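The numbers here are math on the coordinates, done by the rules we state, and not lab data. Treat the numbers as computed from the prediction; the structure is a model and nothing was measured. Glycine also receives a Cβ, built like all others from the backbone with ideal geometry; neighbour counts cover every protein chain displayed.
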Amino acid sequence: MTNIPGRPLSRHERDLIAQRYIIIAAIVFTVSLTAVLGWALYDFNVLQPAQPVARVGTEQITSAEFQRAVRYTRFLQLDTLRRYRDLQRESPELAPYVEQQAQQIVSSMDASNAQSFGQAVLSNLIDDELIRQEAQRRGITVSAEEVTERLQNNFGFYPNGEPTATATATDLPAEFRTYVAPTLNPTTVALWTPTATLTPTATLTPTATATAGPTETPFPTPTPFPTSTPVSTEAYGTEVAGFTGDMRKYSGLSEADLRYFIESDIYRTKLSDALAAEVPASEEQVHGRHILAADQATAQQIADLLAQGVDWDQLAAQYGTDASSNKGGDLGWFGHYSGFDETFVAKAYDTPVGTISAPFQTQFGWHLVQVLERAERPLTASQLSQARESRLQDWLTGQQAVVAEDGTPLVEMLPIWAERIPTDPLVPADLQVAPVVPTSTAAPTTTGTPLP
């Protein structure tokens, strides 16, 4: 029907126009919704995974890499938890100890601890990237065959026979086990009557910081693979298939992801060995004595009395609060690997031979230290072993503190990492509750402590 200007529209015509507008609006809405959903999916699946959560030099650790590492670590925790539960059923006498370890895992994987869990994983990823970069500079490589061998060995499969024991840091050449007489300071000798060699007192050895080592993580170290007991080819295939199948099921990771993490572990081992080989077998050490006072005021009073000529041994016996006070506070020879408080050792190294430091504080209280001798001395077997074992962590700590001339840090955690922490895989209900352990009718016969 021709629309005549000025003629009112019929109801049918008005309905057709309304329907046309509705259709147009529906099309616009559908297109807009599709665009929004498409962008959201693109952002979630493409943009967000590519966003960095940390930077190491010019390399970035992406959200996707971080999330894979978190899920992998959570899966290892679950795998360890399952084995703890199995051990509780198989060895009732170990149930209390195992349950304590199991509950630590359950707690670490709780949503309330997601941030601390994620931060620990990200710190490890940063360490891995630092290690890979240094390995590249040193020409250290890891082959696919080495990854396969490590995977096989982690499952207790040794197709070429079990490896034989190799020399350790305790197997030192004879010259490193021989005492080297130090050069004595004549002034100090005149003031000091030497005593028998003393074992450093436990007072200066804090439980948590006595030895250098990896930074404490908020979750227990998982056992990532089933067994170290030698297995057959068939059993190995079964174990790997079960492990990787569970990993894919619970964490969505592939065997390629597993091999990447194993490769990172091998790089860590190789660089650790390379750094350990560079550790000298001797170090400059000091022979010193100290007075540990009850408080700052007492420490200052002791310093004033020493300045007036009062005898050191008399003051140590009168005011000293640790076990060495009845021996004039003599600590014998010590250095960086003696297990003493780091602040105390640093202060002793800064104190010239024959002089007494000003009062200073450590976690144990207030000290005055007198350095009696200083000499280059060989490390003991245990000290050399400790130095080599801690060398990688010491190196990593130093790398994380590096700042470029323009003020840019070598390592940087980007704030967005806290928003990208996955909380899967979750702990199944049957693993959260300790299984019922059958009661033994007779007490097990044990020799010494029943726990490993």
Full-extension gain in nm, residue 278 to residue 28, via 0.36 nm per residue minus C-alpha separation: 83.1 nm
The range 354-417: relative contact order in percent, alpha carbon pairs under 8 Å with at least 6 residues between: 17 percent
Net +/- balance of residues flanking residue 55 in space, Cβ distance below 13 Å, scoring K and R +1, D and E -1: -4
Neighbour-count order for 68, 89, fewest beta carbons within 10 angstrom listed first: 89, 68
For residue 376, the residues 5 or more places away or on another chain with a placed amide H closer than 5 Å to its own amide H are 285
Simple SL model, points at 7 angstrom along Cα→Cβ for residue 18 and residue 136; separation in nm is 6.8 nm
FRET efficiency, 1/(1 + (r/R0)^6) with R0 22 Å, evaluated for residue 249 and residue 429 via beta carbons: 0.85
Counting Lys and Arg as +1 and Asp and Glu as -1 over every other residue whose Cβ sits under 15 Å from the Cβ of residue 146, the net charge comes to 0
Quick one: if you stick a label point 7 Å off each Cα along the C-beta vector at residue 418 and residue 269, how many nm between them? 3.7 nm
For each of 59, 234, count neighbouring Cβ atoms within 10 Å of the residue's Cβ, then give the residues from fewest to most. 234, 59
